[in-house]
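A.B. asks: Got a structure for you, written out below as structure tokens; questions coming shortly.
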Amino acid sequence: MKKKREVKNEIRLVVFKLGEEEFGAPIHQVHEILRLVEITRVPRAPRFIEGVVNLRGRIIPILDLRRRFDLPLDASPKKKQRIMEVEVEGQVLGMIVDEVIEVVRLPVDAIEPPPAMVADIAGEYLAGVGKLPGRILIMLNFDKILSEEETQQVEQAAMKSLPGASTELLGNQNQEEN
């Protein structure tokens, strides 16, 4: 009985690194962790969209989280870089991270809201700060990582990459939305 209570009072997080900082995302948002594969660039995509990949017949937009968070870019590719396949508001995306470290269980009482100053800068995607012995995790909510406008930009970038997608087709789609 006590075991069930503990499970309800903790969350499971996928812990990953961007630079030297550790981040955590709820495990239910992460579908798969993949090695870095060749990414097809999409012209005129927002700077944080690295491109798209074909994953088992599905075109998946790939976001670079370093660029999304305006962190310094590392010039040399890292062997530990991974693509985390996540679901954001019903859309499957890939997020490039420097390294996936582990999955941890974090007691709910070890989570604090983000400090006011940081929360104002980071926006809604900062879910809180998790305290582990000797470590702090910046907790993200991937559902809030993109604004509504950015979500549309990601969808358009994925559409541009589809075979046979012409500017006429995309133009018609944009007209229908207006």
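The values are calculated or read from the model by the stated rules, or taken from the named source; none is laboratory data. Quick caveat, the model's predicted, so the values are computed rather than measured. When we count neighbours, we look across all protein chains shown, and the Cβ atoms used for this are built from the backbone with ideal geometry, even at glycine.
A.B. asks: Which of the residues that make up region 23-39 are of a type in the set (F, W, Y) and closer than 16 Å to V52 by Cα?
C.D. replies: none
A.B. asks: Using the structure shown, decide if R47 is under 16 Å from L146 (Cα atoms) and in contact with a Gly (Cβ under 9 Å, 6 or more places away or on another chain).
C.D. replies: Working: under 16 Å from L146 (Cα atoms): yes; in contact with a Gly (Cβ under 9 Å, 6 or more places away or on another chain): no.
No.
Every residue, every condition in (1) of a type outside the set (D, E, K, R); (2) modelled with pLDDT of 90 or more, yes or no:
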site: E102; (1), (2): no, yes
site: P107; (1), (2): yes, yes
site: D120; (1), (2): no, no
site: I136; (1), (2): yes, yes
site: A157; (1), (2): yes, no
site: A165; (1), (2): yes, no
site: Q175; (1), (2): yes, no
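A.B. asks: Can you give me the ranges of the strands (runs of 3 or more DSSP E) entirely in region 15-114 with at least 3 residues that are in contact with a His (Cβ under 7 Å, 6 or more places away or on another chain)? Let's see the steps before the verdict.
C.D. replies: On the way: elements: 21-26, 30-35, 49-55, 58-64, 82-88, 91-97, 99-107.
It comes to 82-88.
A.B. asks: Which one is nearest to S147 (Cα to Cα) among residues in region 80-100 that are among the charged types (D, E, K, R) and modelled with pLDDT of 85 or more?
C.D. replies: We begin by selecting, within region 80-100, every residue among the charged types (D, E, K, R); these are 80, 82, 85, 87, 89, 98-99.
Those still in the list that are modelled with pLDDT of 85 or more too: 80, 82, 85, 87, 98-99.
On the way: K80: 29, R82: 24, E85: 19, E87: 15, D98: 23, E99: 25 Å.
Filtering first and then ranking leaves E87.
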